[in-house]
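Below is one structure, written out as structure tokens; the observations come after it.
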Amino acid sequence: MKRLLKMLPSLLRVGFAENIAYRAEMLIWVLATTMPFVMMVLWRSVAEHFPIVGGMGQTLGPLQMTHYFLAVFVVRQVVSAWAAWEMNFEIRQGTLSMRLLKPLSPLISYAVNGLTGLPLRLVVALPVLLIFFLLGGLRDGAEYRLFFLLPLALLGGWLIVLFAHMSIGSLAVFTGSSIRIMEVWMAAFFVFSGYLFPLDLFPDWLASIGDVLPFRYQLGFPVQLLTLSLRMEDALILLGKQWLWVVALGSLTGLLWRKGVRRFEAFGG
Amino acid sequence: MSGVLRLLGASMWRYFKLLGIQLKASLLLSMQYRADFFIDAVISLFWAATAIAPLWVVYGDKVQGKIPGWSLGEAMLVVGCFVFLQTVLDGAIQPSLQTVVEHIRKGTLDFVLLKPADAQFLVSTARFQPWKASSFLASLVIFAVAFARLGFWPSLGNWAQGALLLLLAVVLLYSLWIWVVSAAFIVVKVDNLTFLLSSVFDIGRWPSSVFRGILRWVFTFVIPTALMTTFPAKALLGVLSWAELGLAVVCTVIFAVVSRWVWLRSIRRYTSASS
């Protein structure tokens, strides 16, 4: 642990420098996250003509829909990872063996790599967050203390995404490639996370399925906190469930990774 | 005159045969990964479901809303066109043009330019991914469900019009991609740019009536997603006016001609990396 803390500053520095080197790619990746805006256009146009009622009985008009999807964009920038693609590539190419030689668990170096991309993504996300607040119209009498839960919820969301990526990435050792599994995960994420519509608008039976899946805790829950559309007691329960998922997926990652490394033979390494 | 025609015919026939050869090469390559067909089919159904899900929620019991001017079945036709075009993009346009970008970066485009056939034709048909065709099935399923909901079947004329407009849409999409690839001659690392353009194409998911004012204009003429998905859906519904049909034809011709011109200019600029 102490060794890790000593290594951490240089790891972060190297990772950040790498991200700066590929800043154009990163910027384009951020700009290519257009889906929240595509959805915003749809939902605004529906909300202009039809009264939509959210989970707390609040009206979701065009302004609230704009709020919601701006929040989705910001949260998506914070809770994203690409460890699964990285791991698939390195396992196939055999370059994972280089990482294994280092006196540091590859899992930690993947995590740090992901973390160092954050500052650049925030360069785009923070102005959007500013617009979010400038638009005003957050509900009167809303529970502003929900903002205090946000850092913990964002961390939890990010860890769920990261562990999911690492678990699926580890599977590549067994199957040769797990990119397709990742695609199925992404499709489910789209539907059940609140990425395409506020989850309150789901039919009840689907909402209860979504409640036990990890996806809404990645994105939908932090978005609900940011848009202040939860009651405090519900928020605390959701936070608890979120961290249960963090622990569960973290353990799964540890298990799959240990089994995977034992099986891994560097091809041509 | 007849000589010119015969010459034209002969060269068409030659390109037709070349297309066959290129297709066969891609097919042989894909045959090595046969199992992928089934996996791709399942995954494309998943993605088609995510394309439909927002509509299903909009028109569902909780919201009971609608996109102004469009019933659920009609809006599903637009999504069907979108899924269809995305398939063409992922299966035929994107893989080929990705190889051009590689060629430019490595300087191996010389070998393509040396061949005794049109370079744009060769690079555009360089690589197909036949297994992506499985998501054509997904778009057919969407069309079938949409028409079942609407409770009618388009007339033969409407089918023809819809098919023509989808064909125009493919040409439009291809022309846009040629522009992006031509940018590769200048900025070299462009694979991200094609990624960006495919996310802009996502806007074609919805009928163009969700846009207001300037945006509607932009998505008709600048990035013509309205022409690509809303117009074919209208044609299938039999509500496309002749003026709109004419607009689609004219726009497509302009885009195609300009993209050919841009390509030729870019080729002239190309200085191979090796010499």
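There is at least one residue in the range B:72-83 that is within 14 Å of chain A (Cβ to nearest Cβ), over 21 Å from the mean Cα position of the chain (by Cα) and surrounded by fewer than 22 Cβ atoms within 10 Å (Cβ to Cβ). Of all residue pairs spaced 6 or more apart or on separate chains, those with beta-carbon atoms under 6 Å, a first member in the range A:96-110 that is under 16 Å from A:Leu256 (Cβ atoms) and a second member that is assigned to a helix (DSSP H, G or I) and among the basic types (Lys, Arg) are A:Pro106/A:Arg99.
Find the residue count for the range A:24-34, including only residues that are outside any loop (DSSP other than H, G, I, E, B) and either under 14 Å from A:Leu122 (Cα atoms) or more than 9 Å from chain B (Cβ to nearest Cβ) (or both). So that I can check it myself, show each step before the final result.
Here is the first cut: in the range A:24-34, the ones outside any loop (DSSP other than H, G, I, E, B) are A:24-31.
Those left that are additionally either under 14 Å from A:Leu122 (Cα atoms) or more than 9 Å from chain B (Cβ to nearest Cβ) (or both): A:26-31.
Qualifying residue count for the region: 6.
You will find that of A:Gly136, A:Gly176, the residue that is of a type in the set (Gly, Ala, Ser) and within 14 Å of chain B (Cβ to nearest Cβ) is A:Gly176 and no other.
When A:Met39, A:Met87, A:Met65 are checked against the criterion of being facing chain B (nearest Cβ under 10 Å) and buried (at least 17 other Cβ atoms within 10 Å of the Cβ), A:Met39 stands alone in meeting it. Would you be able to say whether some residue in the range B:162-171 is part of a helix (DSSP H, G or I), at pLDDT below 80 and either buried (at least 20 other Cβ atoms within 10 Å of the Cβ) or out of contact with any helix residue (DSSP H, G or I) (no Cβ under 8 Å at 6 or more places or on another chain) (or both)? No, that holds for no residue. Every condition in (1) in contact (Cβ under 8 Å) with a residue 40 or more places away in the chain; (2) assigned by TED's automatic domain parsing to the domain that holds B:Val145; (3) surrounded by 13 or more Cβ atoms within 10 Å (Cβ to Cβ) is met by B:Tyr15 except one, and the failing one is (2). Among residues of the range A:62-88 that are closer than 25 Å to A:Met98 by Cα, those with a Cβ under 8 angstrom from a residue that is hydroxyl-bearing (Ser, Thr, Tyr), sequence gap 6+ or separate chain, pair up as A:Ala83/A:Tyr110; A:Ala84/A:Ser178; A:Glu86/A:Tyr110; A:Met87/A:Tyr110; A:Met87/A:Ser170; A:Asn88/A:Ser177; A:Asn88/A:Ser178. Listed by position, the helices (runs of 4 or more DSSP H) enclosed by the range A:165-269 that each have at least 1 residues that are more than 29 Å from B:Lys66 (Cα to Cα) are A:179-192, A:204-212, A:232-263.
Every condition in (1) free of Cβ contacts under 8 Å to residues at least 40 places away in the same chain; (2) in contact with a Lys or Arg (Cβ under 7 Å, 6 or more places away or on another chain) holds for A:Gly194 except the one numbered (1). Listed by first and then second residue, the pairs with beta-carbon distance under 6 Å, at least 6 apart or on different chains, first residue in the range B:253-271 and in contact (Cβ under 8 Å) with a residue 60 or more places away in the chain, second of a type in the set (Gly, Ala, Ser), are B:Phe255/B:Ser175; B:Ala256/B:Ser175; B:Ser259/B:Ser175; B:Val262/B:Ser182; B:Trp263/B:Ser182; B:Ser266/B:Ser182. Of all residues in the range A:123-139, those being closer than 15 Å to A:Pro62 by Cα and among the aromatic types (Phe, Trp, Tyr) number 1. Does B:Ala53 meet the test of being within 11 Å of chain A (Cβ to nearest Cβ) and of a type outside the set (D, E, K, R)? So B:Ala53 passes the test. Taken over the range A:185-219, the criterion of being under 22 Å from A:Leu152 (Cβ atoms), more than 11 Å from every other protein chain (Cβ to nearest Cβ) and surrounded by fewer than 23 Cβ atoms within 10 Å (Cβ to Cβ) is satisfied by A:Gly210, A:Asp211, A:Val212, A:Leu213. The set of residues from the range A:162-180 being crowded, with 23+ Cβ neighbours inside 10 Å and touching a Phe, Trp or Tyr at 6+ places or on another chain (Cβ under 6 Å) comprises just one member, A:Ser170. Across the range A:1-23, the number of residues qualifying as within 14 Å of another protein chain (Cβ to nearest Cβ) and more than 14 Å from A:Pro119 (Cα to Cα) comes to 0. Only residues that are farther than 16 Å from A:Leu135 by Cβ, assigned to a helix (DSSP H, G or I) and of a type in the set (Val, Ile, Thr) were counted across the range A:42-75, and they come to 2.
The values are calculated or read from the model by the stated rules, or taken from the named source; none is laboratory data. Since the structure is predicted, the reported quantities are computational estimates derived from the model, not experimental observations. No Cβ is skipped: glycine too gets one built from the backbone with ideal geometry, and neighbour counts run over all protein chains shown.
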